[in-house]
Amino acid sequence: MHFTTIPLLLAATLAPGVLGHGYLKEIIVDGKSYGGWQPYSDPYITPTPVRYTRVFPDNGPVPDFTTADITCNKGGNIPIANNIPVTAGSQVKFQWDQWGSSHSGPVMTYVAKCPGDFSTCKANTGNVWVKIDEWGYKADQTPPWGSDKLASLGASWTVTIPKSLSNGNYLLRHEILGLHVASTRMGAQFYPSCAQIVITGGGSANPTGVALPGAYDPDHPGILAELWKFNQGLAVYQAPGGSVWTG
């Protein structure tokens, strides 16, 4: 393994919004860690490290969430060689590199079943994305926003894969939506990441979900939103992407 020092240092120096943004760094299943793509170091390492999330270029949000970039982040949604084994009903922990609590908003997790091999699976058409977890705004919790809760947990989040999901290949999509500048149309900041998982021990359920792109309407009240109204109890927050399917 060889490191090129100057590009690594330059990448760290030029990383946009390093203190405010973040990316999914690691996925933990049954006590085993599966490293995610590291955008500021992995491009400069030969050979390329073994990673378990699809490639993305930086820690910034998706510029236009009405395009195919919203599916698995900007970077082309390119299939990877490595998959994570997951038993239906088990927990998956997502570890982010960091998260700033000023970027308040919901945390959402989806799965999309791949009808064939991962090499042809992009899940960017059709109602294939099933939401399995969501924390939007819970007024009776401290902190109330999902992303702030994630920050308080050391930038981590844990979800349970529904026991009744049928076995097979899936894309697992974990996402934070930052609403700190969402009062302007198209200002909402989506930070999605996709991992390839193989589910075993499941049931027979093959639920229908939403389309990504397609489900995130720029005028949805959970996307074109003013944080202060929810924080002061003047509006009830509804996250985009449909309801949670519990299995």
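The values are calculated or read from the model by the stated rules, or taken from the named source; none is laboratory data. Given the structure is predicted, the values throughout are model-derived calculations rather than measurements. Cβ coordinates were reconstructed from backbone atoms using ideal geometry, including for glycine residues, and neighbour counts include every protein chain displayed.
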* Filtered residues of the range 161-188 (kept if surrounded by 16 or more Cβ atoms within 10 Å (Cβ to Cβ) and among the aliphatic types (A, V, I, L, M)) -> Ile161, Leu165, Leu171, Leu172, Ile176, Leu177, Leu179, Ala182, Ala188
* Structure fact -> If we ask which residues in the range 54-105 are surrounded by fewer than 17 Cβ atoms within 10 Å (Cβ to Cβ), under 30 Å from Ser183 (Cβ atoms) and in contact with a strand residue (DSSP E or B) (Cβ under 8 Å, 6 or more places away or on another chain), their number turns out to be 0
* Complete set of residues in the range 213-247 that are in contact with a strand residue (DSSP E or B) (Cβ under 9 Å, 6 or more places away or on another chain) and outside any loop (DSSP other than H, G, I, E, B) -> Leu227, Phe230, Asn231
* Quick check, is Leu234 touching a residue at least 40 places away in the same chain (Cβ under 8 Å) and farther than 22 Å from Gly100 by Cβ? -> no
* Asked: Here are some residues: Arg173, Arg185. Which one is over 27 Å from Lys25 (Cα atoms) and in contact with a Pro (Cβ under 9 Å, 6 or more places away or on another chain)?
  -> Arg185
* Could we say that Gln141 is of a type in the set (S, T, N, Q) and closer than 30 Å to Thr184 by Cα here? -> yes
* Structure fact -> When every residue in the range 54-80 that is among the β-branched types (Val, Ile, Thr) and under 14 Å from the mean Cα position of the chain (by Cα) is compared, the one nearest to Gly168 (Cα to Cα) is Thr71
* Structure fact -> With criteria (1) within 12 Å of Leu171 (Cβ to Cβ); (2) surrounded by 13 or more Cβ atoms within 10 Å (Cβ to Cβ), Arg51 comes up short on (1)
* Matching entry among Gly241, Gly214, Gly209 (being farther than 13 Å from Thr109 by Cβ, at pLDDT 95 or above and not acidic (Asp, Glu)) -> Gly214
* Which of the residues spanning the range 112-133 are surrounded by 19 or more Cβ atoms within 10 Å (Cβ to Cβ) and under 12 Å from Gly241 (Cα atoms)? -> Val128, Trp129, Val130, Lys131, Ile132, Asp133
* Structure fact -> Those residues of the range 185-204 that are among the aliphatic types (A, V, I, L, M), farther than 20 Å from Glu134 by Cα, in contact with a Leu (Cβ under 9 Å, 6 or more places away or on another chain) and not in a loop (DSSP other than H, G, I, E, B) come to a total of 1
* Asked: What is the number of the single condition among (1) farther than 14 Å from Arg173 by Cα; (2) in contact (Cβ under 8 Å) with a residue 40 or more places away in the chain that Asn83 does not meet?
  -> (1)
* Asked: Out of the range 10-32, which residues are modelled with pLDDT of 95 or more, farther than 21 Å from Pro63 by Cα and either surrounded by fewer than 13 Cβ atoms within 10 Å (Cβ to Cβ) or basic (Lys, Arg) (or both)?
  -> Asp30, Gly31, Lys32
* Restricting the range 134-160 to residues that are assigned to a loop (DSSP other than H, G, I, E, B) and within 16 Å of the chain's Cα centre (by Cα), which is surrounded by the most Cβ atoms within 10 Å (Cβ to Cβ)? -> Gly136
